[in-house]
Every structure is written in structure tokens, then in C-alpha cells.
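The values are calculated or read from the model by the stated rules, or taken from the named source; none is laboratory data. In this text, all values refer to a predicted model and were calculated from it rather than measured experimentally. Cβ atoms come from the backbone with ideal geometry, glycine included; neighbour counts cover every protein chain shown.
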Amino acid sequence: MDKPQRVVLQERGAAGTLTRTAVSHIGFSVPDLAATADFYRRLLGLVVHEELPQGGLRLGWGGGHHVIELVEGQKGLRHYGFEVRDADGLDGIAKRLADSGHTVSALDERYLDETVGEPHGLVVSDPHGTPVHFHTPVQRQGETAADTGRRPIKYQHITLATDDVEAMTAFFVDVVGFRISDQLDDGRFAWLRSDQDHHTLAVVNVGQGGDIDHFSFDLAEWADFKSWCDRLTDEDVDVTWGPGRHGPGDNLFVFFDDPAGNHIELSAEMEKFHDDRVTYVPRRWKPIPNTVNLWGGQLASWRQTSEGK
């Protein structure tokens, strides 16, 4: 039997430049717009912020920036975005992208709704051709203040599906300015950070790129998971994975799907990093089930590891 491959993902170039950048919003096409929008309203407390001219919807919590954009069509990821709170962070990203040969354009102002000051942004394609939005701070008064049994605190991270973890990691770390928190030892999964949270972005090898593996919302604490699992049951929504605890990130989790089949994670107690106070070397975890789920190694139907059962 061949010896399992070991891959060490590298941090080069601009790695660690961003320390106050978070996920912002995500856009999907879904086969049934009305049913999907109603699902996010009922389950996650999102309300319609804007009806788009082409018939799509933007949803968020109360006032402030939207979280999800939905348009009707074949299931797929249309775009995803990050809010750059670092001083001069957006200008630095723009320069590094241009210097690396990437085509950068201005972000449509319609993505910067309910704003503070005069925000602006840019759009660039990731290595799979999916548009990525980066923009300066916007209002988020609808987040962080909630009955956590009824809706999450905030949108917390996105995990991208790819067939080239190294290329995606190099783009976001070496050029954009994220850091590597952890990776699987076979190079098939990497967790990247751009603020104090263990990861705001992850990339996993699950076949072709250009789509998501899952996206995640924060709950306040472990006690909220009980009411959420009961709530999902009352709404006839199956829990598809968990509750459990990830090794990388050390966060608690539970998963379920929206009507389009997108995997949604509810998470809590994410590990924090204080890069201004320590010297940090990314960890390499064994690619076994007990790494991605410390509680017995139970896996979701769509999750596989290259070692172990």
C-alpha cells in the first residue's frame, strides 16, 4: 500500500496582512426562490431587504447590510463577499491583486446597502472564476443582538469546494492576506483566518471547484444548540450532521440543509487567535474522521477523509 501523501501548505507574500476582515454576504441561485426565501425567514429570522429588478431577493437581519442574495435558477454559488475593516486594507488588497495580474473592478454600489460613511469595494474572480467581493465597513445593526434561540448572532464563515486546495490557499493567503490556521496533513482541507476567529474561510477538496461546501452562522453558546435542534425538528428539517465538535477550530456544530440542498452549519465557541502577541505555526491534523468530529468521528454523508474509516 502506498504511503499516504503529506502536503505542507505554505504562507508567503502577504500572509497575515489582514487582521480585522470578516465574511460579509453570499449569493446563490436556487431552483425555488419563494420556498428558499421562506425557509431563511422561518428558520434563521432573515427578512427581505430588497427586491432585485431581475426578481431576486436580498435578505438580512433587521436594518444594515444584507447577508444572503437569492435568484432563481440552477443551484449554484454566484458570489461571496468579505468586509475589510483593516485600516487601508482594501487599498492593499487592490494593489496586491493588480500586481499579481488579477483583473479588478469596482463593486456595484447596490451591494453596499444601509451604509456608514461612504463605503466602496472591489470585485475579483477567485481561481475557479467565482466573483469575490471585498468592501469597506458597512452597518450591521441587525446582527449580534438577538434571541439566540430564534436566530443566530451573525454570519460567521464560508467553506469553499475546490479541486485545488493549494491554488485557493495561495490566492487568499499570499495575495489577499489571510493566514493558515490549520490544515489536514494530506492537503485536502485548509482553514484560513483574517481576524481573531480561527477561520472566516475554509477550502476543502471535494471534487470540482466553483461552489460551496457549506456556510456557517454563529450561535451564542452551547445551550442554544438544544433549542435549535428541537426547533429544526418542529419545522420538519433534518439534522444532517452533529451535534459535534471540530478539531480544527474547536467549535461546536450542527448541520442542516436549505431547500436547494446547501449545507448550513450552526456553530459556537470558535477558537480565537491573537497574532499580535504570539509566534504561530499552522497545525497539521491527521486526515481521519476523529479530526473533523472529535466526538466519535461520526461524519456527514458528504464528508470523507483520506485515512481512517
Could you check region 229-280 and list, in sequence order, the residues that are within 15 Å of L219 (Cβ to Cβ) and either among the small types (G, A, S) or in contact with a Lys or Arg (Cβ under 6 Å, 6 or more places away or on another chain) (or both)?
G242, G244, G249, L252, S267, A268
Given the options D213, D238, D257, D250, name the one that is at pLDDT 95 or above and in contact with a Phe, Trp or Tyr (Cβ under 7 Å, 6 or more places away or on another chain).
D238
The condition of being surrounded by fewer than 20 Cβ atoms within 10 Å (Cβ to Cβ), among the aliphatic types (A, V, I, L, M) and out of contact with any Asp or Glu (no Cβ under 8 Å at 6 or more places or on another chain) holds, among A106, A37, only for A106
Residue within region 99-112 that is touching a His at 6+ places or on another chain (Cβ under 7 Å) and aromatic (F, W, Y) present
yes
When both residues are 6+ apart or on different chains and their Cβ atoms are under 8 Å apart, which pairs have a first residue that lies in region 91-110 and is touching a residue at least 60 places away in the same chain (Cβ under 8 Å), and a second that is crowded, with 17+ Cβ neighbours inside 10 Å and assigned to a helix (DSSP H, G or I)?
I93/V176; R96/V175; R96/V176; L97/V175; L97/V176; S100/V175; H102/V175
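To keep it simple, each residue is scored yes or no on (1) without any contact (Cβ under 8 Å) to a residue 24 or more places away in the chain; (2) surrounded by fewer than 17 Cβ atoms within 10 Å (Cβ to Cβ); (3) among the aliphatic types (A, V, I, L, M).
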position	(1), (2), (3)
L266	no, no, yes
E269	no, yes, no
P287	no, no, no
V292	no, no, yes
S301	no, yes, no
S306	no, yes, no
Out of region 17-55, which residues are modelled with pLDDT under 95 and part of a loop (DSSP other than H, G, I, E, B)?
G45, L46, L52, P53, Q54, G55
Among the residues in region 9-23, are any more than 30 Å from G92 (Cβ to Cβ) and touching a Gly at 6+ places or on another chain (Cβ under 8 Å)?
no
Name the one entry in A106, A87, A98 that is hydrophobic (A, V, I, L, M, F, W, C), modelled with pLDDT under 95 and either under 23 Å from P259 (Cα atoms) or out of contact with any Cys (no Cβ under 7 Å at 6 or more places or on another chain) (or both).
A87
